[in-house]
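Novice: Below you'll find the structure I mean.
Please treat every number below as a calculation from the coordinates, not as lab data. Not measured: the values here are computed from a predicted model. Heads up, the Cβs are rebuilt from the backbone with ideal geometry, glycines too, and the neighbour counts pull from every protein chain shown.
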Amino acid sequence: MSRIKSTPASSIILVDIGNTSTQAAVECAGRFILTKRIPTPGQTADDARKLLDYYVRQHDINGAMLCSVVPELDKIWMNALKKIVGNGRVLRLNHRLNLGIKIKYPNPATIGADRLANAAAAFEKYGVPVVAADFGTALTVDFVGKDGAYEGGIIAPGPMMFAGCLAKKTALLPQLSLPAIRRTMLAKKNLPMIGKNTKQAMLTGLRFGYPGLVKEIFAHIMRDPRYKSARLCATGGYAKMALAGTGLKIDIDPFLTLRGMSLIYRLNPMSSFQDRPGRCMAR
């Protein structure tokens, strides 16, 4: 199967809504600029407007792509994006668009939009077979086979969920802070095996336990005849710290999801299911 060929385009805004945070950026000539993140929980139409006003002041926006795994926020963001784009195209990423890859999956409507973006970008950047891991709220691992088809994936807890479940499910264990977790996961020196207080014990469990989870997942992947020669790549805000203690050689691309969003936007230049003339609101 040939690699994806996309059409040249002007500046577009990309909004990726995850469970923990929402990332926005402008894609211009293949570069991602003005990248910003805001918390996802509790978002309102006013939050969307304020973030997008920042982009309008900084750049001329000609189109937009929304990638969301939080359905209740989709309408808020689609309306806000249509207002700032005017007569440009606004797309919401889903399996019905041209993704540049085939889909071998029983119910493609249930695949997270971010996972489709990662798979499309990984295929374009690395070829096939390819495995793309995204370390966010959850760890998702997605597979594109030798025939250029998305086959499915693996879902496990992300490192913060892995750490946070102890505080949520117990009466006495504390919530660990992200800075403390990052310091522990990225520590170059050997850590004591035995914690001398509750937080130390929890951090030690995370430092030894989470890399073990990741290594076991990838050990199974690399033993599979279909994927033992696959290119491995990773993205997500927690990728660096999650992979630090694994010894795995995996390319980390912090813009992988954004690359996929931009690519899919370019692959869908004509009116489609949700991109028809007259649907965009005037600025």
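Novice: At a threshold of 8 angstrom on Cα-Cα distance, excluding pairs fewer than six apart, so keeping six or more, what relative contact order does segment 103-256 reach in percent?
Specialist: Normalised by residue count, the contact order of segment 103-256 is 26 percent.
Novice: Under the 0.36 nm per residue contour assumption, what length would be gained going from the current alpha-carbon distance of A201 and A187 to full extension?
Specialist: 3.5 nm
Novice: If you line up the long axis of helix 45-58 against the longest principal axis of the chain, both from Cα atoms, how many degrees apart are they, to the nearest 10?
Specialist: Result, in degrees: 70.
Novice: Go through 215-227, 67-79 and give me the packing order, highest mean Cβ count within 10 Å leading.
Specialist: Highest-to-lowest ranking by the protection proxy: 67-79, 215-227.
Novice: Once you place label points 7 Å from the Cα toward the Cβ at H95 and K50, how far apart are they in nm?
Specialist: In this crude label model, H95 to K50 measures out at 3.7 nm.
Novice: So what is the calculated 222 nm ellipticity per residue for the chain, using -39500 (n - 2.57) for each DSSP H run with n of 4 or more, over all residues, to the nearest 500 deg cm²/dmol?
Specialist: Taken over the chain, the calculation gives -11500 deg cm²/dmol.
Novice: Report the label-to-label distance for A219 and A109 in nanometres (one decimal), using points 7 Å from each Cα along the Cα→Cβ vector.
Specialist: In this crude spin-label approximation the distance works out to 4.0 nm.
Novice: Subtracting the Cα-Cα distance from 0.36 nm times the residue separation, let me have the gained length for T20 to K75 in nm, one decimal.
Specialist: 18.0 nm
Novice: Under the Kirkwood approximation applied to all pairs of distinct alpha-carbon atoms, what is the hydrodynamic radius of segment 10-71 in Å?
Specialist: Its Kirkwood hydrodynamic radius stands at 11.9 Å.
Novice: Can you give the percent of C-alpha pairs in the chain whose distance is more than 32 Å?
Specialist: For the chain, the fraction of Cα-Cα distances above 32 Å is 29 percent.
Novice: Continuing with this model, one more query. Under a plain spin-label model, where a point goes 7 Å from the Cα along Cα-to-Cβ, how far apart in nm are I194 and F208?
Specialist: 1.2 nm
Novice: Okay, next question. Tell me the relative contact order for the chain as a rounded percent, counting alpha carbon contacts under 8 Å between residues six or more apart.
Specialist: 21 percent
Novice: When N counts the residues of segment 103-256, how does its alpha-carbon radius of gyration compare numerically with 2.2 N^0.38 Å, as a ratio?
Specialist: So the Cα radius of gyration is 1.11 times the expected 2.2 N^0.38 Å.
Novice: I need the calculated FRET efficiency for the pair K102 and L172, taking r as the beta carbon distance and R₀ as 51 Å, to the nearest 0.05.
Specialist: 0.50
Novice: I need the Debye-formula profile for segment 1-118: one equal scatterer per C-alpha, no solvent, reported as log10 I(q)/I(0) at q = 0.10, 0.14, 0.22 1/Å, two decimals.
Specialist: Values returned for q = 0.10, 0.14, 0.22 Å⁻¹ are -0.31, -0.60, -1.36.
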